[in-house]
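The values are calculated or read from the model by the stated rules, or taken from the named source; none is laboratory data. Everything numeric in this text was worked out from a predicted model, so none of it was measured. Cβ atoms come from the backbone with ideal geometry, glycine included; neighbour counts cover every protein chain shown. Note: areas computed on protein heavy atoms with side chains; ligands, DNA, RNA excluded. Shrake-Rupley method; radii C 1.70, N 1.55, O 1.52, S 1.80 Å.
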Amino acid sequence: MDFELPEEHLAFRDVVRRWVDNEVPKEWARKLEADEHNYPFELWDKFSEVGFHGIGISEEYGGQGGDVLMQMVLARELARSLGGLAWIWGITSFAGSKSIGIYGSAEQKKKFLPQIAAGELRAAIAFTEPAGGTDLLGAMGTTAERVDGGWKINGEKIWSSSAHVADYLLLIARSDKNAEKKHQGLTLFWVPTNTPGIKITPLAKLGMRSMGSCSIHLEDVFVPAELVLGEPHKAWYMLLPTLNNERIMVGAFCLGVLDGVLEDALDYVKQRKAFGGIIGRFQSLQHYIADIATMQKTTELMLNFCADKQARGENVGVEANMLKLIASENANKAADMGIQILGGMGYSAETDMQRYWRDSRLWRIGPITNEMVRNGIAESLGLPRSF
Ligand SMILES: Cc1cc2nc3c(=O)[nH]c(=O)nc-3n(C[C@H](O)[C@H](O)[C@H](O)COP(=O)(O)OP(=O)(O)OC[C@H]3O[C@@H](n4cnc5c(N)ncnc54)[C@H](O)[C@@H]3O)c2cc1C
């Protein structure tokens, strides 16, 4: 039993940590995030320059390679400073390199992966619909109809993060109205955002502000047959195996937030004074710090366990659900304690605790709600499906 990362990954972690401290420090991230309606292109460009968009893409396609452990290390280190803005890297990595890399044809890989690796192509995920994200399949009203040379898509999507600055949408639509079951008859499309008939509108929200999350209206949008990913009508069967990877990445982002919260809380209690000494001598604050450190360690152990199992090709379905659950609840609870430790400064836009809290609040809801995650865990214990 070895709970430590391999040497190669530890070395990568050190390089990324130095890069983060020099290039994307917390003060800078705070300013970017506060600028609610402006997408941080500078951040995207910094990722391009250092080659992070190519992590997870094989060298054959211009990428840097890197297994799930490497992606986990990168996600954690980025989130320590960037909080939710780490998704600026994560969305295209997940929607773009994973989807094309896993379901794409040889031509699609050859065309799109080098562009993604070079930071020349941004993607967004357009799955959720206004009628519901948890019951995604039951609520899905977006349709794709076969037409000459391709498909015609009509419908509405919501919460598609960074869609307003994306070149392509990874979009799921109902392509066979006569399918017997709701997880059948679905197709995955790679839709250019400049196609006529697409209207994208950013929405106001609590956190992850400058990233932009959008509603998308699709009216008679033509998508050529060569931009279907994988086999038509089989999208759900293709997507299911990738969900564990997504949960592991969310776990890594949450752990990054826990790292950021702990170091900021420790710094603060060592220099802030009350009643003639530093506030770090008060037992109640020491207990908060001890709780945050314990949440950090348990999240780290669970994350390393899941990522290692996934990298070895083993089934990690239930544990990845458990990881997503504890990581998001720990990160958000720790950020809340962090605000308390900093007192009024924790509520101030001049420190990062409020940003960590707002950003990590999302991970209890998306990409899957913690209620739904708990449903899955309970079912794995033999209990009947409750919905
Ligand atoms: C900032 C932000 C960014 C996002 N980015 C993206 C993105 O890039 N792409 C994308 O496709 N989506 C994105 N999402 C959508 C996200 O994945 C959904 O919000 C999430 O899946 C929940 O769906 P919903 O909001 O429709 O809530 P609902 O499904 O309406 O759920 C409402 C409540 O009912 C509960 N509930 C529903 N069914 C059950 C059940 N069976 N048992 C117990 N409780 C249940 C839920 O847990 C929740 O508490 C984003 C959302 C936000 C807020």
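Observations, loosely collected:
- Spin-label model distance (nm) - R385 vs E219, 7 Å beyond Cα toward Cβ: 3.7 nm
- Based on C-alpha pairs under 8 angstrom that are at least 6 apart in sequence, the stretch 77-195 has a relative contact order of 22 percent.
- Exposure rank, largest accessible area first [H164, H9; 1.4 Å]: H164, H9
- Angle in degrees between helix 243-271 and the longest Cα principal axis of the chain, rounded to the nearest 10: 20 degrees
- Among residues other than E49 with Cβ under 11 Å from its Cβ, the summed charge is -2 (Lys and Arg +1, Asp and Glu -1).
- Top positive-direction residue, dipole computed over the chain with Cβ charges, set G66, G149, S210: S210
- Accessible surface of W28, taken over heavy atoms with a 1.4 Å probe and every protein chain present, rounds to 60 Å².
- Legend: calculated FRET efficiency, A11 to L243, from the Cβ-Cβ distance at R0 = 30 Å, rounded to 0.05, equals 0.50.
- Mean separation of Cα pairs under 8 Å and 6 or more residues apart, divided by the residue count, gives the chain a relative contact order of 16 percent.
- Centre separation in Å (Cα based) which lies between the stretch 320-387 and the stretch 256-277: 21 Å
- The magnitude of the dipole of the chain, with charges of +1 and -1 set on the Cβ of Lys/Arg and Asp/Glu and taken from the Cα centre, is near 840 debye.
- Peptides 353-362, 231-240, 153-162 ranked from most to least packed, by the mean per-residue count of other Cβ atoms within 10 Å: 353-362, 153-162, 231-240.
- The HN-Hα couplings worked out from phi for the stretch 41-53 by the Karplus form 6.51 cos²θ - 1.76 cosθ + 1.60 (θ = phi - 60°) are 4, 4, 5, 3, 5, 5, 4, 5, 4, 8, x, 5, 5 Hz, whole numbers, x standing for Gly and Pro.
- Classification of the stretch 51-172 by its C-alpha gyration tensor yields an oblate form. The axis ratio a/c (a ≥ b ≥ c) is 1.5 or more, and b/c is at least a/b.
- Heavy-atom accessible area, probed at 1.4 angstrom with all protein chains present, ranks F47, F94, F387, F41 as F387, F41, F94, F47, highest first.
- Length released on extending from S284 to L301, taking residue separation times 0.36 nm less the Cα-Cα span: 3.5 nm
- Residue order by solvent-accessible surface for R80, R18 is R18, R80, largest first, with ligands and nucleic acids left out and a 1.4 Å probe.
- Value at 222 nm in deg cm²/dmol, rounded to 500, when DSSP H runs of n ≥ 4 in the chain each add -39,500 (n - 2.57): -15500 deg cm²/dmol
- Projecting the Cα atoms of L342, L85, V191 onto the charge dipole of the chain, computed from C-beta unit charges around the Cα centre, puts L342 farthest toward the positive end.
- Residues within the reach of a label modelled at E226 (point 7 angstrom out along Cα to beta-carbon, backbone nitrogen below 12 Å), restricted to the stretch 60-97: there are none.
- A Förster distance of 51 Å, applied to the separation of the beta-carbon atoms of L137 and F275, puts the FRET efficiency at 0.30.
- Per-selection Kirkwood Rh - the stretch 193-232 (Cα, Å, 1 d.p.): 12.4 Å
- Once the Cα-Cα distance is subtracted from the 0.36 nm per residue extended length, the E314 to I365 segment shows a gain of 15.7 nm.
- Within a Gaussian network of the chain (alpha carbon springs, distance under 10 Å), most fluctuating of A163, A34, A106: A106
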